[in-house]
1. Of Phe144, Phe126, which residue is free of Cβ contacts under 8 Å to residues at least 40 places away in the same chain and open to solvent by less than 60 Å² (accessible area, probe 1.4 Å)?
2. Would you pick out the residues in region 76-118 that are on the phi > 0 side of the Ramachandran plot and within 19 Å of the chain's Cα centre (by Cα)?
3. Which of the residues belonging to region 36-55 are crowded, with 19+ Cβ neighbours inside 10 Å and within 19 Å of Asp75 (Cβ to Cβ)?
4. Would you mind stating whether Val205 is open to solvent by less than 10 Å² (accessible area, probe 1.4 Å) and either more than 15 Å from the ligand (Cβ to nearest atom) or in contact (Cβ under 8 Å) with a residue 12 or more places away in the chain (or both)?
5. Identify all residues within region 147-163 that are open to solvent by 10 Å² or more (accessible area, probe 1.4 Å) and either under 16 Å from Ala177 (Cα atoms) or within 10 Å of the ligand (Cβ to nearest atom) (or both); write none if there are none.
6. In region 181-194, what residues are outside any loop (DSSP other than H, G, I, E, B) and either open to solvent by 20 Å² or more (accessible area, probe 1.4 Å) or in contact with a Cys (Cβ under 6 Å, 6 or more places away or on another chain) (or both)?
7. How about region 216-260: which of its residues are within 22 Å of Ala177 (Cβ to Cβ), within 10 Å of the ligand (Cβ to nearest atom) and among the polar types (S, T, N, Q)?
Amino acid sequence: MLKSLLLHMSESPRLQRFATNASFSRKTARRFVAGETTSEGIQAVKDLNARKFSATLDNLGESVNTTEKATEASDEYLRAVDAIHESKVDCNVSLKLTQFGLVLDEDFCRQNVERVVQRAKQYNNFVRIDMEGSNVTDATIRVFRNLFDQYGNVGIVFQAYLFRTQKDIEETLQQKARIRLCKGAYKEPPDISFKNKSDTDSNYVKLMKILLKSGIYHGIATHDPNMINATKQFVTQEKIGHDEFEFQMLYGIRRDLQEQLIRDGYRVRIYVPYGAEWYSYLMRRMAERPANLMFVARNFFRG
Ligand code: FDA
């Protein structure tokens, strides 16, 4: 119920305007968002690299409704890819297609993302296409496949809560592409998605096994100790090396587990969001763990 309300709030432009101007919510965002500028994002990545984490930078923003804003997003990603190269950090980028104009025009979006993929390719770097709501799953896969076939340095994300995901994964593995597996963060209808956490979790474990048996380098993105333990057990049982996959986690979430995995000798990549458009991202993090609202409340009363 609360989760559903928070996901609903994540889509409200009015609340977004209010929250992004309020100082208490800006303070809260800093727990989960590295800052508002490219250089703040890069600084966070340097700090993570110093502690043995890889990173992926995400310039926050989604559902843009003008071509100008979509082009600006693409320009900012070019700056980020350049900055990653110049500062020699261990980092790639993750992006959302609706920030690149997917809902305006699919081909315009593809061209916008292509600029970033080409620039990353010059530097031998990689671009991950995040997965958004189910209204854009098919379009996201089409854009991904087109760019992957041409350039190769692109990966995609699939969500364990969707019924369709096993088929999408099996098709994508035929292309030998790199996949990030996550549970899924959007509000989806019951006819296409698992509603019980235990069903999503079982599907996650099943899909994790398919991915790790494929011999391709994938990302296992979760903070759930049960998913992490299932992965550790599976790689031990199947003799899959610690350098043949990576765990991925979000900036500021379960830092204890992040550190523990590094101590245990696993590869861990931290997803580092930055930028002014942090509202929807933050609300999805609240929905995943309403206990985070206590953290918001503390900042509110501190002013
Ligand atoms: P689950 O939600 O079951 O949480 C397990 C435990 O993790 C909780 O009990 C708590 O301890 C901790 N935890 C989880 N979320 C927390 C939070 N917000 N604050 C504090 N603790 C928290 N989704 C998507 O739809 N498309 C995408 O492209 C991506 N990309 C992505 C990249 C990376 C690197 C990660 C880690 C996640 C995503 N996600 C995503 C989000 C993902 O779908 C999912 O919503 C969250 O990871 C939460 O799911 P968990 O697997 O962590 O498990």
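1. Testing whether each residue is free of Cβ contacts under 8 Å to residues at least 40 places away in the same chain and open to solvent by less than 60 Å² (accessible area, probe 1.4 Å) leaves just Phe144.
2. Of everything in region 76-118, just one residue is on the phi > 0 side of the Ramachandran plot and within 19 Å of the chain's Cα centre (by Cα), namely Gly101.
3. Thr38, Gly41, Ile42, listed by residue number.
4. No, not satisfied.
5. Hits for region 147-163 are Phe148, Asp149, Gln150, Tyr151, Gly152, Asn153, Tyr161.
6. Correct list: Cys182 only.
7. Once the filter is applied, which keeps residues that are within 22 Å of Ala177 (Cβ to Cβ), within 10 Å of the ligand (Cβ to nearest atom) and among the polar types (S, T, N, Q), region 216-260 yields Thr222, Gln248.
The values are calculated or read from the model by the stated rules, or taken from the named source; none is laboratory data. Given the structure is predicted, the values throughout are model-derived calculations rather than measurements. As a convention, Cβ positions derive from the backbone with ideal geometry for all residues, glycine included, and neighbour counts pool all protein chains shown. Note: accessible area is taken over every heavy atom of the protein model, side chains too, but ligands, DNA and RNA are not part of it. Shrake-Rupley method; radii C 1.70, N 1.55, O 1.52, S 1.80 Å.
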